[in-house]
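Participant: Got a structure here, written out as structure tokens. Questions coming.
Taken together, the values in this text are just the output of simple stated rules run on the coordinates, not laboratory data. Please read these numbers as outputs of a predicted model, since none were measured by experiment. All Cβ positions, glycine included, derive from the backbone under ideal geometry; neighbour counts span all protein chains shown.
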């Protein structure tokens, strides 16, 4: 089954904010972060059920190189990315947005 990836405005802001932070740490690191996020999104789109459910219908894909995770849920032919968040933050504080 093919899925459409729907990225919420909040998730886009999360990624932009982290990208700017990483770029301030070292030139080019922000770009490397974006590449890593894109790779995670491709893995999710390729097989969204491969990642475990962490809360109700919410699944979680951990980035391989950065301490971030992509939280998402699978809907009818759509994958909704709720947020990309720093994993060191308490996961209980993450808010999920319904589609």
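Participant: Tell me the label-point distance for the pair residue 23, residue 39, using the 7 Å Cα-to-Cβ offset, in nm and rounded to one decimal.
Facilitator: The modelled label-to-label distance comes out at 2.1 nm.
Participant: Between residue 32 and residue 56, what is 0.36 nm times their sequence separation minus the Cα-Cα distance? Round to one decimal in nm.
Facilitator: That works out to 5.5 nm of additional length.
Participant: What's the FRET efficiency of residue 49 with residue 16 using the Cβ-Cβ distance as r and R₀ = 22 Å, to the nearest 0.05?
Facilitator: Calculated value: 0.20.
Participant: Please give the per residue volume of the convex hull enclosing the alpha carbon atoms of region 1-56, rounded to a whole number of Å³.
Facilitator: 103 Å³
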